[in-house]
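Read the figures in this text as sums done on the coordinates, not as results from a lab. Everything quoted here is computed from the prediction, not taken from an experiment. All Cβ positions, glycine included, derive from the backbone under ideal geometry; neighbour counts span all protein chains shown.
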Amino acid sequence: MVQLWENILALPLIGTLDSARTQVVMESLLQKIVETGALIAIIDITGVPTVDTLVAQHLLKAIAAARLMGADCIISGIRPQIAQTIVHLGVNLEDVITKATLADAFNIALKRTGATLSSK
């Protein structure tokens with residue numbers, strides 16, 4: 001878990017996600033939200049090779065739990081094959097912001113928190 005900016009966390013996930021690992025991830029995410037007071041958590045699944053129904057359900061539960069703690073989540077790292085799988089499985093991500101890259105998600109998070117970057 002990485003604090004990218006004030007009020008913005010990033011959770012890069014790498015490898016296969018199963019029920020036990022996803023539970024640990026959710027607990028870590030919620031604890032970090034409490035510690036930092038983060039308003040946005042970016043869950044980056046670029047390093048996750050496949051998303052099945054179970055993984056998608058666990059991600060949705062983590063997002064719901066984060067919302068209960070006062071933080072919104074953005075899922076980044078949506079590759080074409082994962083997008084097709086999610087649609088094929090009928091997983092409803094309508095209430096979740098999704099982006100192809102972590103950079104795109106970070107940009108959205110900055111806007112949602114009112115933060116601005118200035119170039120020199």
Subset of the range 50-71 [among the polar types (S, T, N, Q) and within 14 Å of the chain's Cα centre (by Cα)] | Gln57
Among all residue pairs at least 6 apart or on different chains, which show Cβ distances below 6 Å where the first residue, located in the range 7-32, is farther than 17 Å from Lys61 by Cβ and the second is of a type in the set (Gly, Ala, Ser)?
-> Asn7/Ala38; Ile8/Ala109; Leu9/Ala38; Leu9/Ala41; Ile14/Gly47
Could you give me the residue pairs with C-beta distances under 7 Å whose first residue belongs to the range 83-95 and is closer than 17 Å to Cys73 by Cβ, whose second residue is assigned to a loop (DSSP other than H, G, I, E, B) wherever it lies, and which are 6+ apart or on separate chains?
-> Ile86/Val51; Ile86/Leu93
Give the residue that is farthest from Ser19 (Cα to Cα), with candidates limited to residues of the range 47-63 that are touching a Ser or Thr at 6+ places or on another chain (Cβ under 9 Å) and not in a helix (DSSP H, G or I).
-> Pro49
Among the residues of the range 91-120, write down those that are within 12 Å of the chain's Cα centre (by Cα) and in a helix (DSSP H, G or I).
-> Leu102, Ala105, Phe106, Ala109
